[in-house]
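K.L.:
Handing you a structure now.
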Amino acid sequence: MKKVIFIILLWTNSIATELPPLHHPVGISPPSEMQLPNEFRLDKDGLLQCTTCHGIKDIAEIPFDEVDVKADNFFNGGPYQQLTDLCYHCHKKSSQRLNIHKMYESGKIDKKNCDYCHVETPTPDDPPKKLEFRLPKEKICWGCHLKTPHLNALTHNRKVSDKMLKIIKKSEQKHKVNLPLSTDNKVICSTCHTTHEIGVLSSNSASGKQVLGGDVSKGAIYTPHVWNEVYQADKKGRLAKLDFNHKLDYQRLEQEVLLRLSAKNGTLCRACHQFKD
Ligand code: HEC
Ligand code: HEC
Ligand code: HEC
Ligand code: HEC
Ligand code: HEC
Ligand code: HEC
């Protein structure tokens, strides 16, 4: 009897230590209110197993650095445009993640949220000269968001040229807006995005200026675009060659949220890029 228990312990322990760092837990049972889709099969004891989420046969037997993470079946039901789309198969979208950008509670600013990012909550009317963050400001969105939340986010994480820097300074004056770069002049998430809900920072200040109208609870809203089919057909060949496993949709941006300037009408892009007429 003792021997059997020992073997089981050893086995679970080896799984625990062999999982990649920060990996999702396995061997747990879903609570009754969690509805798993049919293709996410539990093991015979009703517990999460490797193949609940991964479509790769015997994934536990393969050394982790040899697993083809780009394979279509790396995730069941994949490939996913965003990793969170996988999560939402099991976890409820609304109740799981704290939307840090919802900064009002019954009409009042809820200061609880502020110290998620700020070491001390700055007063909007009189902010200190040097703000202190819990993480460097170039990394503060990662963790909650991927480094690649959307196309072009990563390709923008570059140092701006001297020429572009001048254009940015001019645009900041012209639009009375703040477009903060990293200390080494790289474009970061906060260059294009504000993280503050409308009204938290004064809309008369350059740092508080943002695109109006959007609702942070709803997020950015996209609608289908009639050109999508043409776009898909056009990209198909090239994407196949690139070994790129995301589905790309050509959509119309209907409602913007948490942006410093509008991308929809091109103002944001033209604040840095100059295009010939
Ligand atoms: C609840 C879903 C889920 C289950 C169950 C699951 N995984 Fe994963 N696995 C993930 C997710 C999500 C990632 C991607 C993590 C990321 O990219 O941040 C991942 C990534 C991996 C990777 C790639 C790691 C890397 O760093 O590239 C390996 C290997 C892996 N899992 C093996 C396993 C094994 C072995 C099991 C069973 C013991 C298992 N997984 C069970 C969700 C799951
Ligand atoms: C196949 C279903 C399934 C998928 C897919 C899935 N989860 Fe889970 N997750 C569970 C279950 C079951 C639990 C354990 C029960 C619970 O905590 O509600 C859990 C627990 C968690 C926990 C709490 C872990 C802890 O240590 O307490 C986090 C955080 C989490 N999941 C995040 C994610 C993220 C992020 C993704 C997507 C990358 C994801 N899950 C995908 C089923 C899933
Ligand atoms: C997700 C991270 C995050 C959260 C949460 C957050 N902030 Fe900020 N805050 C920043 C970043 C990054 C900056 C610097 C860049 C900028 O101006 O947006 C900043 C700048 C500020 C400034 C200085 C603006 C200026 O004029 O220079 C004030 C004031 C401020 N935040 C107040 C708040 C308050 C109040 C809350 C809570 C209701 C809050 N912040 C929550 C990330 C955050
Ligand atoms: C504590 C976690 C957290 C941090 C830190 C955080 N966010 Fe978010 N963010 C969320 C959640 C939750 C949502 C709601 C939508 C979702 O679940 O993806 C969201 C939504 C957004 C949206 C709108 C998304 C949509 O659905 O259309 C943008 C834009 C955004 N965040 C940008 C940022 C930027 C830029 C930073 C860093 C300065 C940041 N966030 C930091 C959790 C976070
Ligand atoms: C060059 C400008 C730019 C940069 C840099 C940038 N974004 Fe965006 N982001 C946009 C635009 C434009 C949208 C679409 C409209 C909107 O948010 O209202 C968007 C949308 C989003 C959304 C909503 C989801 C979606 O697909 O619409 C999230 C979340 C987000 N960004 C997070 C981030 C994070 C995190 C970073 C840094 C890793 C980042 N962004 C860097 C311009 C940018
Ligand atoms: C804050 C300045 C800034 C803003 C705003 C901005 N860009 Fe950029 N963009 C850059 C920088 C820096 C690069 C890196 C290459 C370079 O130096 O030209 C870049 C590169 C690009 C590239 C080439 C990417 C690649 O694959 O190399 C495209 C396409 C692009 N931007 C489109 C846009 C669009 C569309 C918008 C508006 C939604 C936008 N940019 C907003 C600064 C900006």
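K.L.:
Cα to Cα, under 23 Å, and not fewer than 8 places away if on the same chain: which lysines meet these conditions relative to Lys236?
P.N.:
Partners within reach: Lys70, Lys247.
K.L.:
Which entries of Lys111/Lys159; Lys108/Lys209; Lys176/Lys264; Lys112/Lys137 have Cα-Cα distances beyond 22 Å here? If you can, show how the numbers build up before the last one.
P.N.:
Values: Lys111/Lys159 33 Å; Lys108/Lys209 20 Å; Lys176/Lys264 19 Å; Lys112/Lys137 19 Å.
Result: Lys111/Lys159 exceed 22 Å.
K.L.:
Taking N as the number of residues in region 106-164, what is its Cα Rg relative to 2.2 N^0.38 Å? Can you show the working numbers first?
P.N.:
Values: Rg = 15.2 Å, N = 59, 2.2 N^0.38 = 10.4 Å.
Scaled against compact globular proteins, the figure is 1.47.
K.L.:
Whole percent per 5 Å bin, from 0 to the bin with the longest distance: what is P(r) over all C-alpha pairs of the chain?
P.N.:
Reading the bins upward from 0: 1, 4, 8, 12, 14, 14, 13, 11, 9, 6, 4, 2, 1, 0, 0, 0, 0.
K.L.:
So which residue, out of Gln49, Gln81, Gln35, gets the largest mean-square fluctuation from a GNM of the chain using Cα contacts under 10 Å as springs?
P.N.:
Of Gln49, Gln81, Gln35, the most mobile in the Gaussian network model is Gln35.
K.L.:
Put a dot 7 Å past each Cα toward the Cβ at Glu39 and His150; how far apart are the dots in nm?
P.N.:
2.6
K.L.:
Given the options Asp72, Asp215, Asp234, state which has the largest fluctuation in a GNM of the chain using a 10 Å cut-off (strictly under) for Cα springs.
P.N.:
Judging by the Gaussian network model, the answer is Asp234.
K.L.:
Scan around Arg252 for amide H atoms under 5 Å from its own, H built in the peptide plane at 1.01 Å from N, and keep only partners 5 or more places away or cross-chain.
P.N.:
Thr223, His225
K.L.:
So what's the gap between the Cα centers of region 222-239 and region 176-203, to the nearest angstrom?
P.N.:
What the calculation gives is 31 Å, centre to centre.
K.L.:
If you don't mind, there's one more thing I want to ask. For the chain, what is the calculated [θ] at 222 nm in deg cm²/dmol (nearest 500), taking -39500 (n - 2.57) for each run of four or more DSSP H residues and dividing by its residue count?
P.N.:
Working: 8 runs with 67 residues, N = 277.
Dividing the helical sum by the residues of the chain leaves -6500 deg cm²/dmol.
K.L.:
May I pose another question? At 0.36 nm per residue, minus the direct Cα-Cα distance, what do Ser202 and Lys186 gain on full extension? Give it in nm, one decimal, please.
P.N.:
Details: separation 16, 0.36 × 16 = 5.76 nm, distance 2.58 nm.
Value of the extension gain: 3.2 nm.
K.L.:
How do Met164, Met103, Met34 rank when sorted from fewest to most other Cβ atoms within 10 Å of their own Cβ? Please list the in-between numbers first.
P.N.:
Details: Met164 17, Met103 20, Met34 11.
Sorted ascending by nearby Cβ count, the order is Met34, Met164, Met103.
Read the figures in this text as sums done on the coordinates, not as results from a lab. Keep in mind the model is a prediction, meaning the values are calculated, not measured. Virtual Cβ from ideal backbone geometry, glycine too; neighbours counted across all protein chains shown.
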